[in-house]
Amino acid sequence: HQTYRLDYRNFKFNFKKMSVSGALFDWDKLLDVSRQVVCKLSSDEVVEKLLAWAKEFDPAFYELLSADEDYAKAVFSIDRDVPKPRKDIAKWDEAKAYCAYFYESLYEENLQWELNISAADAAAALTAYRAVYNENDDRSAWFDRIKGICEGLGFAAETREYKKNPDLYKGSAGDISTVIRIAVTGRKNTPDLCSIMQVLGLETALKRIDRAIEYYKSL
């Protein structure tokens, strides 16, 4: 008895040979599988495949990415080489929205998110953080600086302490980090903010924080 192994790549898939009767197509499952695949690609692979797609389907985006491929690779490297990488991208046409805040020509400032703290406290928190921010900090030191300004602002450095005694504080370090995230990216949910600020660069990060400070002061 001899077993033959057939390579599926030798057999082209053809819808014409499929019956439409009782056919099921799970689009959500397909997107989920795609996210699983994309999240495991290296940043080099992501940029290579994204450039190939954009060159054909979004020339303006292609020009933006190809103008500085090293920068693009830095953008797509964030939260990628970690035990649990984010699964933000299922299709390449989602990549532009995903990375928009890294490019001034795509960035749309949005500071009008509902906050858990007052506008005055948001402005004070951003002002205090701006004074201590160091672009050379790693993730741990980055968040330690946020916790370090909490006491002077009336915030709890630890979330558990705030939950234990909410009446003693205006909020927690998490609320301050949320304000910083919104100021820098215009979003409440992003990959690691420390890495984002490092990729953006000191000048851009501080410029956006300054605009946010003025915005919250005006409310």
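The values are calculated or read from the model by the stated rules, or taken from the named source; none is laboratory data. Quantities reported herein were computed from a predicted structural model and do not represent experimental measurements. Using ideal geometry, Cβ is built from the backbone for each residue, glycine included, and neighbour counts are taken over all protein chains shown. Heavy atoms of the whole protein, side chains included, go into the accessibility calculation; ligands, DNA and RNA do not. Shrake-Rupley method; radii C 1.70, N 1.55, O 1.52, S 1.80 Å.
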### Summary
Among helices (runs of 4 or more DSSP H) entirely within segment 165-219, at least 3 residues that are open to solvent by 30 Å² or more (accessible area, probe 1.4 Å) and charged (D, E, K, R) occur in 202-218
### Query
From the list Ser66, Ser105, Ser43, Ser19, which one is in contact with a Lys or Arg (Cβ under 7 Å, 6 or more places away or on another chain) and of a type in the set (Ser, Thr, Tyr)?
Ser43
### Task
Spot the failing condition for Leu50; the list is (1) out of contact with any Ser or Thr (no Cβ under 6 Å at 6 or more places or on another chain); (2) open to solvent by less than 30 Å² (accessible area, probe 1.4 Å); (3) of a type in the set (A, V, I, L, M); (4) over 12 Å from Ala95 (Cα atoms), and only one is missed.
(4)
### Residue satisfying condition, being open to solvent by 60 Å² or more (accessible area, probe 1.4 Å), modelled with pLDDT of 95 or more, closer than 22 Å to Lys217 by Cβ and under 25 Å from the mean Cα position of the chain (by Cα), within set Glu135, Glu158, Glu114
Glu114
### Task
Would you check which residues across segment 52-85 are β-branched (Val, Ile, Thr) and in a loop (DSSP other than H, G, I, E, B) and list them?
Ile78, Val82
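Evaluate segment 117-125: report whether one residue or more is outside any helix (DSSP H, G or I) and either under 23 Å from Ile78 (Cα atoms) or among the β-branched types (Val, Ile, Thr) (or both).
For segment 117-125, residues outside any helix (DSSP H, G or I) and either under 23 Å from Ile78 (Cα atoms) or among the β-branched types (Val, Ile, Thr) (or both): present.
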### Message
Six or more apart or on different chains, Cβ atoms under 6 Å: show the pairs whose first residue is in segment 174-193 and farther than 16 Å from Ile78 by Cβ and whose second is open to solvent by 10 Å² or more (accessible area, probe 1.4 Å).
### Response
Gly174/Thr159; Asp175/Asn116; Asp175/Ile117; Ile182/Trp113; Gly186/Glu109; Gly186/Asn110; Lys188/Trp113
